[in-house]
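Have a look at the structure below, then the notes.
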Amino acid sequence: MTATQPRPDSKRTAGTAAPGRATIDARTLRTDRWWQAPLITALLLSAWVLYAFVRTVWQAAYFAAPEHYLSPFYSPCVTASCTSGSRDFGTWFGHFPALIPFAIVTLPFLLGFRLTCYYYRRSYYRAFWQSPPACAVAEPHTNYTGETRFPLVLQNLHRYFWVAAGVISIVNTWDVVQAFRPEGHSFGFGLGTVIMLVNVVLLWAYTLSCHSCRHIVGGRMRNFSAHPLRYRAWTFVSKLNAKHMQLAWTTLATLLITDAYIAFVAAGTFSDPRFVN
Ligand code: FES
């Protein structure tokens, strides 16, 4: 059989070994380091998830009372176990046992939002499931069902997680406003306030750059000329959408930096440099 003859028989229903595909035994003919991107993605995502898991179950060093800095991993803090002063939205639950995240109300939605994000889907399908690991590189799976069955059909919930993420971004914005009102002062800010502000601006940019947001703003219209405001909003969201991958990674970094900075200040490792008050 020559390399270009179709495969007469194969158990695979998809991929390069499926019936009808040309017989090429090599997994890929690419000679570049195609494995580098999925490997780096897998390492970075694993490291971030490990950090986030440790921090959310730590239940300590999440609130700097004098500066009113609340970590985004603990916001909103709504249990009786939350430090006094950090419960800006009230006390919804009693004391939590060890290892249960204080922000239990929002974390499932945030997780759902990121996990169902179109960009992250592409990234972790490639990095962890090798489906496929890179362009023109065969995947090891024997069949392909796409996102039409459980559990991947749940990826279609992304648009609803987007709404929840918008509400959570409002909560994060409120935290920044509170950081401009440190203990004993009506106004003031320090380096931590600036870090929190940058984080929340980028979180909004990431949320608004979402593909679902672009469709909600500009989809299901016959023409833009009759809807000039929606056209403007769609143009704005489209520009952000072109940067969605960069925003996805940048916000992971700013979330981590913001939480780590607040943890160090709250633990007394160093003092927050104050610019006003
Ligand atoms: S597509 Fe990434 S957040 Fe919606």
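If I ask for residues that are assigned to a helix (DSSP H, G or I) and either charged (D, E, K, R) or farther than 21 Å from Y118 by Cα (or both), which ones from region 202-230 would you list?
R214, P228, L229, R230
Report, by residue number, each residue of region 209-229 that is away from the ligand (no atom under 12 Å from the Cβ) and surrounded by fewer than 16 Cβ atoms within 10 Å (Cβ to Cβ).
Across region 209-229, the qualifying residues are G219, R220, M221, R222, N223, F224, S225, A226, H227, P228, L229.
Condition check ((1) surrounded by 16 or more Cβ atoms within 10 Å (Cβ to Cβ); (2) over 30 Å from R121 (Cα atoms)) across all residues:
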{"position": "T41", "(1), (2)": "yes, no"}
{"position": "L44", "(1), (2)": "no, no"}
{"position": "A52", "(1), (2)": "yes, no"}
{"position": "A64", "(1), (2)": "yes, yes"}
{"position": "S71", "(1), (2)": "yes, no"}
{"position": "V78", "(1), (2)": "yes, yes"}
{"position": "S86", "(1), (2)": "yes, yes"}
{"position": "G94", "(1), (2)": "no, yes"}
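To keep it simple, each residue is scored yes or no on (1) assigned to a helix (DSSP H, G or I); (2) surrounded by fewer than 18 Cβ atoms within 10 Å (Cβ to Cβ).
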position: R232; (1), (2): yes, yes
position: V237; (1), (2): yes, no
position: T254; (1), (2): yes, no
position: F270; (1), (2): no, yes
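How do the pairs read when you match residues in region 237-251 that are touching a residue at least 12 places away in the same chain (Cβ under 8 Å) with residues anywhere that are among the hydroxyl-bearing types (S, T, Y) and assigned to a helix (DSSP H, G or I), using Cβ under 6 Å and keeping only pairs 6 or more apart or on different chains?
Matching pairs, first to second residue: H244/Y119; M245/Y119; L247/Y206; A248/Y119; T251/Y206.
Can you name the residue in region 101-152 that is within 16 Å of the ligand (Cβ to nearest atom) and in a loop (DSSP other than H, G, I, E, B) and, of all such residues, is nearest to the chain's Cα centre (by Cα)?
Among residues in region 101-152 that are within 16 Å of the ligand (Cβ to nearest atom) and in a loop (DSSP other than H, G, I, E, B), the one nearest to the chain's Cα centre (by Cα) is C117.
So, in region 28-43, how many residues would count as being without any contact (Cβ under 8 Å) to a residue 60 or more places away in the chain and either touching a Gly at 6+ places or on another chain (Cβ under 7 Å) or assigned to a helix (DSSP H, G or I) (or both)?
Final tally of qualifying residues: 3.
Taking only pairs six or more apart or across chains, which ones have beta-carbon atoms under 9 Å, a first residue in region 202-215 that is over 15 Å from I168 (Cβ atoms), and a second residue that is near the ligand (Cβ under 10 Å from one of its atoms) and not in a helix (DSSP H, G or I)?
Hits for this filter: H211/C117.
For every residue, the table says whether it meets (1) free of Cβ contacts under 8 Å to residues at least 24 places away in the same chain; (2) within 16 Å of the ligand (Cβ to nearest atom).
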| residue | (1), (2) |
| --- | --- |
| W48 | no, yes |
| F53 | yes, no |
| V57 | no, no |
| F93 | yes, no |
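Mind checking whether some residue in region 119-134 is closer than 22 Å to H244 by Cα and in contact with a Gly (Cβ under 9 Å, 6 or more places away or on another chain)?
The answer is yes, given that some residue of region 119-134 is closer than 22 Å to H244 by Cα and in contact with a Gly (Cβ under 9 Å, 6 or more places away or on another chain).
Keeping to region 115-131, report how many residues are free of Cβ contacts under 8 Å to residues at least 40 places away in the same chain and in contact with a Ser or Thr (Cβ under 9 Å, 6 or more places away or on another chain).
1
It is to be established whether one or more residues within region 170-183 are more than 21 Å from V78 (Cα to Cα), surrounded by fewer than 15 Cβ atoms within 10 Å (Cβ to Cβ) and not hydroxyl-bearing (S, T, Y).
no
May I ask you to list the residues in region 153-179 that are without any contact (Cβ under 8 Å) to a residue 60 or more places away in the chain and more than 14 Å from the ligand (Cβ to nearest atom)?
V153, L154, V167, I170, T173, V176, V177
With the requirement that a residue be closer than 16 Å to S131 by Cα, at pLDDT below 95 and of a type outside the set (K, R), what does region 23-57 give you?
Residue satisfying the conditions is T28 alone.
The values are calculated or read from the model by the stated rules, or taken from the named source; none is laboratory data. Predicted model only: the values in this text are computed from it and were never measured. Cβ atoms come from the backbone with ideal geometry, glycine included; neighbour counts cover every protein chain shown.
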